[in-house]
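S.K.: Can you keep this structure in mind? I'll have questions shortly.
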Amino acid sequence: MLLIENNKDLRKSAREVLKSKWIPAIYVSIISFIFLNLLSEINLMIPTSSILNTYDTKFLIKINLSILSVISLFVNIFFEYPVLYGVVEFFLNIVRKDLFSYFDIFKGFKHYKKCFLFGIFIKIIGLFWSAIVYFPMILLNYLGFSSAVIFDPGSFSFNANIGASNVVNMVISMILTIALNFLLIIILSRYMFAIYILRDNINSNMTIFECIKISKRLMRGKYLKYIRLQISFLIRTGILIYIISAIITIITHRLQISVGTIAAAIIIMPYFRASFSIFYDESLKEYFLNEK
């Protein structure tokens, strides 16, 4: 049994941990955002029709956005997990009341090879399970089971001419997609602790496979708790996006949802990371107690 059983107490513990540490936590949040999300956000923030409404200008902007997409992909592949390791390092240090540093965020580069290979392996696992879980839906759409819904993981595209005969297919497709997404979240949640285990055993001979194996053991029976924790932070992020976007819109007289999203993500991230680090530590304690 977890020492902290519900997410409310988990978040409360995170707030206590972050007292007087919000500034370095926000700093880590900004650095990680720059590495992992900034280029893709710039991609979304620049419309192809901006600046001058001429063919040449839009063509050049599209080329620049394509270059940004390539750079974003490059950064994501080569830097995501070394940076994520640094984020884990920082938040585990403050949760465990160990010495922490503003440079913790860069410690993953000290173990770059191991972090990089770990990241590639986790991405392959994610793609593998995504392909397996979504295969039934892709097959049904390919066979023309649902002409009302064009499948796209995470979103729907609806046919404008939906007849009565297609309603049942559409409803079944929606239910199936929701169920498959939920199943995929549960499957991938088994690997959420792996980067934490890697960090705790970075100087040992523990392999990536062993990190993943232990992660699955730690997460066993905690899938719904993890999903509820994620949802609670998604709700808080949504509310914060709305508030920040509204304030910026009032000040600038322009709708600034992208800026609000970035600001909300940077503010919420320390809160979530501290909560998840406590969740990991509690799961680790429970694991060792059960082993005894």
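S.K.: Answer yes or no: is there a residue in segment 216-233 that is open to solvent by 50 Å² or more (accessible area, probe 1.4 Å) and under 23 Å from V83 (Cβ atoms).
M.R.: Yes, there is a match, as at least one residue in segment 216-233 is open to solvent by 50 Å² or more (accessible area, probe 1.4 Å) and under 23 Å from V83 (Cβ atoms).
S.K.: When you go through (1) among the charged types (D, E, K, R); (2) within 18 Å of the chain's Cα centre (by Cα); (3) surrounded by 18 or more Cβ atoms within 10 Å (Cβ to Cβ) one by one for R199, which number turns out not to apply?
M.R.: (2)
S.K.: With the structure loaded, tell me whether I185 is in a helix (DSSP H, G or I) and not polar (S, T, N, Q) or whether it fails that test. Write out each step before concluding.
M.R.: Numbers: in a helix (DSSP H, G or I): yes; not polar (S, T, N, Q): yes.
It is true that I185 is in a helix (DSSP H, G or I) and not polar (S, T, N, Q).
S.K.: Something else: How about segment 247-272: which of its residues are under 18 Å from the mean Cα position of the chain (by Cα) and at pLDDT below 85?
M.R.: S258, G260, T261, I262
This table checks each residue for (1) outside any loop (DSSP other than H, G, I, E, B); (2) of a type in the set (F, W, Y); (3) at pLDDT below 90; (4) under 25 Å from D9 (Cα atoms).
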residue	(1), (2), (3), (4)
S146	no, no, yes, no
F156	yes, yes, yes, no
N166	yes, no, yes, no
N205	no, no, yes, no
S215	yes, no, no, yes
L229	yes, no, no, yes
S245	yes, no, yes, no
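S.K.: Return the pairs, sorted by first residue and then second, in which the second residue is in a helix (DSSP H, G or I) and of a type in the set (S, T, Y), the first residue lies in segment 119-137 and is buried (at least 16 other Cβ atoms within 10 Å of the Cβ), the beta carbons are less than 8 Å apart, and the residues are 6+ apart or on different chains.
M.R.: Sorted first by the residue in segment 119-137, then by its partner, the pairs are G119/Y81; I122/Y81; M137/S173; M137/T177.
S.K.: I'd like to know if segment 58-77 contains one or more residues that are farther than 28 Å from S20 by Cα, charged (D, E, K, R), at pLDDT below 85 and open to solvent by less than 80 Å² (accessible area, probe 1.4 Å).
M.R.: Yes: one or more hits.
S.K.: Could you tell me whether Y287 is at pLDDT below 90, touching a Lys or Arg at 6+ places or on another chain (Cβ under 8 Å) and aromatic (F, W, Y)?
M.R.: The answer is yes for Y287.
The values are calculated or read from the model by the stated rules, or taken from the named source; none is laboratory data. Keep in mind that this is a model prediction, so the values were computed, not measured. Positions of Cβ are backbone-derived with ideal geometry, glycine not excepted, and every protein chain shown enters the neighbour counts. Each accessible area value is taken on the protein alone, full model and side chains, heavy atoms only, with ligands, DNA and RNA left out. Shrake-Rupley method; radii C 1.70, N 1.55, O 1.52, S 1.80 Å.
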